[in-house]
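**Q** Here you go, one structure.
The values are calculated or read from the model by the stated rules, or taken from the named source; none is laboratory data. Because the structure is a prediction, the values reported are computed rather than measured. Neighbour counts are summed over all protein chains in view; Cβ atoms, including those assigned to glycine, are modelled from backbone coordinates with ideal geometry. Just so you know, the surface numbers come from the protein's heavy atoms only, side chains and all, with ligands and any DNA or RNA stripped out. Shrake-Rupley method; radii C 1.70, N 1.55, O 1.52, S 1.80 Å.
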Amino acid sequence: MSRLAIHHRTASFSSRWIKECERRGIDHRVVNVYSPDREQQLADVDGFMWHWAQHQSRDLVMAIPILRSMQEKGVKVFPNIDTCWHFDDKVAQSILLEAIDAPCIPFKLFHSYRDVVKWSRTATWPMVFKLRRGAGSLNVRLVHNREEALRLARRMFSFGITPIAGPLADVRTRIRKSGGAKGLVSLAKSAPAGIMRVLRRKWAVPRERDYFYVQDYIPGNTHDNRVIVIGDRLFAHRRAMRPGDFRASGSGLNDFNPKHVHPDCLTISRDLADRLRAQSMVLDFLVTPEDKPLIVEISYVTIDNLVYQCEGYWDRAGNWHEGHFWPQDLLLDDMLAQLERGSGE
């Protein structure tokens, strides 16, 4: 059996990957890509898995170069470059989707304040302003008029906007998701450490500046559709909008009934994952008043327990497989299948 290397990071997919390798007796090695002896640790491996994250500043700098270098050496990697190069970059995703004629939400991208001023004179409002980075609807704002747009544009073309929420915003999010009194007690106990963690992330990540990016506002949606592609499997669920808000991401209001998912989202997701040669892909959709699903953004991973709570998945032939599955296990299965095919070449 080929040897598999796993970069371990606390509270990531790697914890389950390691446990599964131990349980199944899979030859594996836990590595640290940030160690000075990285090359020695990875010298004789055939496969490499790394659940890298957008909130880790060093991951943002090092993930793509390391994964690309491993691929160049013939190592099977997850995620490969096709899967993750656009991760946490909404601008890159929009440019990619537009280039291949994928059904995505129309957008505008400007690189000077002067161009924003000119466009804003005839723009139709509202529009949705976004930073290229951020998850859970962070840095997503509904712009109601020209004055709001120009105010944001002035910030983007001067001192910029931080993509990481401050401690107060983080606390508000945690309160909303705390689940009652018991959750609030737990939150209070962890608050000091949590505030310091947020501050460290905020200080480590540079501000976003020198661009202005907006998407069309799609009215009439009470939820979005999320499709998760893992290999040949399609999971899906819906997310309700936050109360009194236009955003679904981060709401925590999930509907896992597969019959409620717009069927065209599944077809689009399968085709797009194939076209982009993605090992895994997460797609968020809104639906126009004409009942046409449009892609909001894409990613390569999602929260594991949201996949597990889905009632099953569709395979490539459209057959339904009922049950609950951890995405880590499926990704590990796909990696082992790649290694098995490679050893037979």
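**Q** Rounded, prolate or oblate, given the Cα gyration tensor of the stretch 242-345, with a/c below 1.5 counting as rounded?
**A** Prolate, since a/c reaches 1.5 and a/b exceeds b/c.
**Q** Restricting to DSSP H runs of at least four residues, report the calculated mean residue ellipticity at 222 nm for the chain, -39500 (n - 2.57) per run over all residues, nearest 500 deg cm²/dmol.
**A** Mean residue ellipticity, 222 nm, calculated: -12000 deg cm²/dmol.
**Q** While we're looking at this one, here's another question. What number comes out for accessible area per residue over the stretch 1-86 if the probe is 1.4 Å? Units Å², please.
**A** 48
**Q** Could you calculate the FRET efficiency of Gln71 with His321 from 1/(1 + (r/R0)^6), where r is the beta carbon distance between them and R0 is 35 Å, rounded to 0.05?
**A** So, using R0 = 35 Å, E works out to roughly 0.70.
**Q** A further question on this structure: Mind grabbing the accessible area of Asp101 for me, 1.4 Å probe, Å², rounded to tens?
**A** 140
**Q** Please get the size of the charge dipole for the chain, origin at its Cα centre, with Cβ charges of +1 on Lys and Arg and -1 on Asp and Glu, quoted in debye to the nearest 20.
**A** Dipole of the chain, to the nearest 20 debye: 1840 debye.
**Q** Out of Phe107, Phe212, Leu4, whose Cα points farthest toward the positive end of the dipole of the chain (charges: +1 Lys, Arg; -1 Asp, Glu; placed on Cβ)?
**A** Value: Phe212.
**Q** Could you tell me how far the Cα centroid of the stretch 14-82 sits from the Cα centroid of the stretch 117-153, in Å?
**A** About 38 Å separates the Cα centre of the stretch 117-153 from the one of the stretch 14-82.
**Q** First compute the accessible area of the chain with a 1.4 Å probe, then give the percent of it belonging to carbon and sulfur atoms.
**A** Of the solvent-accessible surface of the chain, carbon and sulfur hold 52 percent.
**Q** Next question. Hey, what's the stretch 230-345 come to in accessible area per residue, 1.4 Å probe, Å²?
**A** 46
**Q** Something else about it: Considering only lysines 8 or more places apart in sequence, or on different chains, count the pairs in the chain whose C-alpha atoms sit under 21 Å apart.
**A** Lysine pairs satisfying the spacing and distance rule in the chain number 12.
**Q** Compute the length gained on full extension between Thr222 and Ile100: take 0.36 nm times their separation in residues and subtract their Cα-Cα distance, giving the result in nm to one decimal.
**A** 41.1 nm
**Q** Run the 1.4 Å probe and let me know the accessible area of Arg29, rounded to the nearest 10 Å².
**A** 50
**Q** Looking at the chain only, what percent of DSSP beta bridges run antiparallel? Nearest 5 please.
**A** Antiparallel: roughly 80 percent of the beta bridges in the chain.
**Q** Dipole magnitude of the stretch 272-345 about its Cα centre, charges +1 at Lys/Arg Cβ and -1 at Asp/Glu Cβ only, in debye to the nearest 20?
**A** 240
**Q** For the chain, count all C-alpha to C-alpha pairs, find those more than 34 Å apart, and express that count as a whole percent of the total.
**A** 29
**Q** With a/c under 1.5 counting as rounded, go ahead and sort the stretch 96-139 into rounded, prolate or oblate using the C-alpha gyration tensor (a ≥ b ≥ c being the square roots of the eigenvalues; past the cut-off, prolate if a/b is larger than b/c, else oblate).
**A** Cα axes put the stretch 96-139 in the oblate bin.
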